[in-house]
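A quick write-up on the structure given underneath.
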Amino acid sequence: MFFLLNGILAIIVLAGIFYLLLSEGLPTFEEVSIREFFTSFRWNPTSRNPGYGILSLVISTLAVTIGALLFSVPVGIAAAAYLAEVARPKEREILKPVIEILASIPSVVIGFLGIVLLGPIIARTFGLSNGLNVINGSILLGVMALPTIISISEDAISAVPKEYKEASLALGTNRWHTLVKVTIPAALSGITAAIMLGMGRAIGETMAVLMATGNAPAVPRSIFSSIRTMTATIAIELGEVPFNTTHYHSLFAIGAVLFVMTFLVNLVSDLVLHKYGEGE
């Protein structure tokens, strides 16, 4: 009963958050058409001719998220495979706490490192005026997603029955071939869930992308373009926007869209992970 009540409470809280976002966001569409909101690239609520299009913000959010996955997925799966199949017990005892510590680093610290360390390196390497752009934010989000991807992927790889590996080795293959052709494919559903959860973390991150991507509300033309994500837009503007204005309500509408995006990503990952659990 205790666990049932806690589960019901979590659902109530989740529904309450979504209701708040909807109730505060829907008045936006009394002044702004749904078509403009979702299909216009122009976000400039404070001009004389205000624009409330979020498409550039959505594209920027997806761009930095995809970039983060391109960085974190290969590194995360490789690290998980090493911990589960190669590392000696002493190495595992050292590496696992380090990965857990990485998950506990505040996002504002990660963003600060992106400004003072990674940004100048990117600027010097590619001859740019500054390093606050898509690739900077992608690397930072990739680092932040790594603990989730590594931990869940390692659990999935470790859960593969030993009989699979022993049968492969008995046929004359080596450990590398067994890992790539047998173990990882057998753990693929769990690894997929890890990737989806990492993606959910990247989509919902605020401070790192706010600090390290340049905050330009425009469609990125390359990985070196400055962008502004949906989370950064809400964080920057909500504290100073006049109460009950169209601008105010539009920020809640962005929050509702972001809520749906992250909810769908986490729902898919949960379904995949559940299927993985049943398969085992």
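Side notes on the structure shown:
- The sole residue among 179, 141, 83 that is of a type in the set (A, V, I, L, M, F, W, C), in contact with a Leu (Cβ under 7 Å, 6 or more places away or on another chain) and surrounded by 13 or more Cβ atoms within 10 Å (Cβ to Cβ) is 83.
So that you can scan it fast, the table gives a plain yes or no per residue for (1) touching a helix residue (DSSP H, G or I) at 6+ places or on another chain (Cβ under 8 Å); (2) more than 21 Å from residue 77 (Cα to Cα); (3) of a type outside the set (S, T, N, Q); (4) modelled with pLDDT of 85 or more:
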position	(1), (2), (3), (4)
104	no, no, no, yes
107	yes, yes, no, yes
115	yes, yes, yes, yes
122	yes, yes, yes, yes
135	yes, no, yes, yes
155	yes, no, yes, yes
159	yes, no, yes, yes
191	yes, no, yes, yes
194	yes, no, yes, yes
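- Test: residue in the range 273-280 that is in a helix (DSSP H, G or I), of a type in the set (Phe, Trp, Tyr) and farther than 25 Å from residue 44 by Cα: yes
- In the range 65-80, the residue that is farthest from the chain's Cα centre (by Cα) out of those that are over 24 Å from residue 177 (Cβ atoms) and surrounded by fewer than 18 Cβ atoms within 10 Å (Cβ to Cβ) is 70.
- Across the range 157-176, the qualifying residues are those that are under 13 Å from residue 82 (Cα atoms) and in contact (Cβ under 8 Å) with a residue 40 or more places away in the chain, and the one among them that is surrounded by the most Cβ atoms within 10 Å (Cβ to Cβ) is 157.
- When residues of the range 202-236 are limited to those that are buried (at least 18 other Cβ atoms within 10 Å of the Cβ) and among the charged types (D, E, K, R), the one modelled with the lowest pLDDT: 205
- Reported count of residues in the range 86-118, each being closer than 14 Å to residue 143 by Cβ and surrounded by 15 or more Cβ atoms within 10 Å (Cβ to Cβ), is 8.
- Within the range 37-54, considering residues that are in a helix (DSSP H, G or I) and not polar (S, T, N, Q), the one surrounded by the most Cβ atoms within 10 Å (Cβ to Cβ): 37
The values are calculated or read from the model by the stated rules, or taken from the named source; none is laboratory data. Computed from a prediction, not measured in an experiment: that's the story for all the values here. Heads up, the Cβs are rebuilt from the backbone with ideal geometry, glycines too, and the neighbour counts pull from every protein chain shown.
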